[in-house]
Amino acid sequence: MPAEPPERDVPDPSGAGGGTDSAEQAQRWHSTTYGRARRPAAGRPAAQTPGREHRLAELQRPTDRATDRPAEPAPRDHAPRPDRPRRRPRVRRRRVLAVLAVLAVLAVTYPVALAWRGWSSVDQIAAASPGDRPAATPGTTYLIVGSDSRDGLTPEQIAQYSAGGTDISGQRTDTIMLLHVPDSGGPAALISVPRDSYVPIPGHDRNKINAAFAMGGAPLLTQTVEEVSGLRIDHYVETGFGGFAQIVDAVGGVTMCPATAVDDVRAGLDIPAGCQSMDGTTALGYARYRYTDNQGDFGRVQRQRELLGAIVSKAASPATLLNPFRAFPLATAGGNAVTVDEGASITDLAGFLRGMRAATGADGISMTVPVSDPNYRTGHGIAVKWDTEKALAMFADLKADDTEALRSLTS
């Protein structure tokens, strides 16, 4: 405990000079720190001892009851808090990281969900050749078939698509194409095979290639193409009347630019010349008509490739893919419209779509099997005779995965 100052009123026990001595003692006490003498440090003056007024002021200052320490003075209103400059950038960084994390998740889950939606609707069938098959060739070759079968169409849909009436049964091909996606880095190639091409059909002598599909379905058509070309067909893709129209409607229609007006009753088509947007029904008629086309089936296969290019381009555009209200219905419609071979996977279907986009793009190759006689008379009616030398050269280039060499056949 600090020493208390001597009482001035207590007389000196000796009885002599009590008052003077008391005053001197009090003076000496105030010249020390809490009653103890304090030696000044060498070389500097001694600190002044706080007086009674100062100590009373210290005792009267408000304290923090929780810590028994003097309370800090309240900050002034205009003075900024020292921690705010540190917290604001930290909060912004956290928000940016959260947004980036959400975008990263969407970038992975959205295309996966979209692909799965389409793939879950795809039908698969046995389409491999039943005979001796050619050896595997580099690149990936897809056999594409557009079936004109009326199976599954209602009478209303048959009338809407001008599909020829309910008395037509069985399966035929309106479109036969080969899509070759090379491993060599060359351009993808989309090649039309005229459906009236006169070729040998295994077990059925020579006939129009369209008859192979009618007689033996996808397996016999695959076998016919493999034996006549020497190519190994890796995958099979088929669509029908209704599916084609539904895909066009799902992408919001496509823009085509016919050079002349078209009025074809059999295809249910009556359109003016010039660029115009076509819905599914109109686009289907545009892809099918040939009787009023001066080029016949050759004009038709060219339009079919152009239409496929327009569909793929619009389906792969950001306006379609990034809009879930359009992308998911398109995936569903596309899946319902497509039938693939039983050995195909979702990766193979994705490769097909990428190949179609590349083949119908500016750097792709779009052509028809070289023909020498489009009006070749046979026992099965008028057929298409290939240019044997050029056709064999084309197939040899495909077998060698040298698609760039095909450009000499298209010039």
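Filter the stretch 174-208 down to the residues that are among the hydrophobic types (A, V, I, L, M, F, W, C) and closer than 15 Å to residue 236 by Cβ and list them by number.
Matches in the stretch 174-208: 176, 177, 178, 179, 181, 193.
When you check residue 233 against the structure, is it of a type outside the set (Asp, Glu) and modelled with pLDDT of 90 or more, yes or no?
yes
Take residue 408 and tell me if it is under 17 Å from residue 297 (Cα atoms) and either polar (S, T, N, Q) or not in a strand (DSSP E or B) (or both).
no
Pick out the one residue from 221, 308 that is closer than 24 Å to residue 118 by Cα and touching a strand residue (DSSP E or B) at 6+ places or on another chain (Cβ under 9 Å).
Criteria check complete, one pass: 308.
Restricted to the stretch 243-277, and to residues that are within 21 Å of residue 328 (Cα to Cα) and not small (Gly, Ala, Ser), which residue is nearest to the chain's Cα centre (by Cα)?
Per the criteria, the residue is 251.
Restricting to the stretch 269-321, and then to whatever is farther than 18 Å from residue 245 by Cα and among the aromatic types (Phe, Trp, Tyr), can you tell me which residue is modelled with the highest pLDDT?
Filtering first and then ranking leaves 298.
Name every residue in the stretch 370-390 that is within 24 Å of residue 181 (Cα to Cα) and surrounded by 19 or more Cβ atoms within 10 Å (Cβ to Cβ), in order of residue number.
386
Look at the stretch 183-218 and say how many of its residues are touching a residue at least 40 places away in the same chain (Cβ under 8 Å), of a type in the set (Gly, Ala, Ser) and either in contact with a strand residue (DSSP E or B) (Cβ under 8 Å, 6 or more places away or on another chain) or surrounded by fewer than 21 Cβ atoms within 10 Å (Cβ to Cβ) (or both).
So the count comes out to 9.
If a residue must be within 24 Å of residue 304 (Cβ to Cβ) and in contact with a Ser or Thr (Cβ under 7 Å, 6 or more places away or on another chain), how many such residues does the stretch 327-354 contain?
7
The values are calculated or read from the model by the stated rules, or taken from the named source; none is laboratory data. The structure presented is a predicted model; accordingly, all values stated were derived computationally and were not measured. Here the Cβ is made from the backbone with ideal geometry for all residues, glycine too, and neighbour counts use every protein chain on show.
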